[in-house]
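Participant: Would you mind keeping the following structure in view while I ask a few things?
FYI, it's all coordinate maths here, none of it is from the lab. It should be emphasised that the depicted structure is a prediction, and the values quoted were computed from it without experimental measurement. We place every Cβ from the backbone using ideal geometry, glycine too, and count neighbours over all the protein chains shown.
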Amino acid sequence: MSQSLVTKLEVSMNYCEAIREKIGNDPLIIVRPSVAILNHNGEILLSRYIGGIWSIPGDILQLDQSVEECLKRNVLNDIGLKIKKLTLFGVYSGTELINRVQESGDEYHTVAIGYLCNEYEGEITPDSNQGIEAHFFSIDNLPKEINPFIKNKLVELKCQLEK
């Protein structure tokens, strides 16, 4: 791999950190594609870092990457599933998607891009090196430790799917 390509990849992977160094704790807008993966039983795939809050799989968009590429990479690397088809569910922003990191004081304003997927290959094999766990849950029986924003969107999704 050429030195310029390696440098480009390093810059891309550390983009948020590089911007954070320049702006300090000022608000930073990030794009976070996420995907609601449904199995053949209509159950939703949730994942979390062990001991954390459950959410749908997603990641922060990096430079030189489409939102779809970001999702496919993240789901394959972290959960072991190969996404075959994505359908846009919604784009979200606003005060409920503002996050502040207590330890650092950093503030992030998230633009969430939600997708739906019911066509995928593989078996759930969470990346244990990162301490990730993933399971399918009934939308009617979600875990208590779930991101409230995600829970509300999953209820909306359920209503749309029932139409």
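Participant: Across 5 Å bins from the origin, how do the percents of Cα pairs in region 72-163 run, short distances first?
Facilitator: Per 5 Å bin, starting at 0, the Cα pair percentages come out as 3, 10, 16, 18, 25, 18, 7, 2, 0.
Participant: Relative to a virtual label point 7 Å from the Cα of residue 161 in the Cα→beta-carbon direction, which members of region 119-148 show backbone nitrogen distances below 12 Å?
Facilitator: Residues 119, 136-142 qualify, since their backbone N sits under 12 Å from the label point.
Participant: How long is the gain from residue 123 to residue 107 if the chain were fully straight, where each residue apart is worth 0.36 nm and the alpha carbon distance is subtracted?
Facilitator: 2.2 nm
Participant: What is region 82-153's relative contact order, in percent, from Cα pairs under 8 angstrom and six or more apart in sequence?
Facilitator: Value for region 82-153: 30 percent.
Participant: A further question follows. Based on DSSP, what percent of beta bridges with both residues in the chain are antiparallel, to the nearest 5?
Facilitator: Restricted to the chain, the bridges split so that about 65 percent are antiparallel.
Participant: Related question: Among 34, 154, 137, whose Cα projects farthest towards the positive end of the dipole of the chain, with charges put on the beta-carbon of Lys, Arg (+1) and Asp, Glu (-1)?
Facilitator: Going by the Cα projections, it comes out as 154.
Participant: Follow-up. Using packing as a proxy for protection, rank 58-66, 90-98 so that the peptide with the highest average count of other Cβ atoms within 10 Å comes first.
Facilitator: Per-residue mean Cβ counts within 10 Å order the peptides as 58-66, 90-98.
Participant: If you bin the C-alpha pair distances of the chain every 10 Å from 0, what whole percents do you get?
Facilitator: Percent of pairs per bin, in order: 9, 35, 37, 15, 3, 0.
Participant: List, in order, the whole-Hz ³J(HN,Hα) value for each residue of region 102-115 obtained from phi through the Karplus relation with A = 6.51, B = -1.76, C = 1.60 and θ = phi - 60°; use x for Gly and Pro.
Facilitator: 4, 4, 9, x, 5, 10, 10, 9, 8, 9, 9, 10, x, 10
Participant: Could I ask something else about it? Can you list residues whose amide H is under 5 Å from residue 139's amide H, if they're 5+ apart or on another chain and H is modeled 1.01 Å from N?
Facilitator: For residue 139, the qualifying residues are 44.
Participant: By how many nm would the segment from residue 22 to residue 39 grow when fully extended, if each residue of separation counts as 0.36 nm and the alpha-carbon distance is taken off?
Facilitator: 1.9 nm
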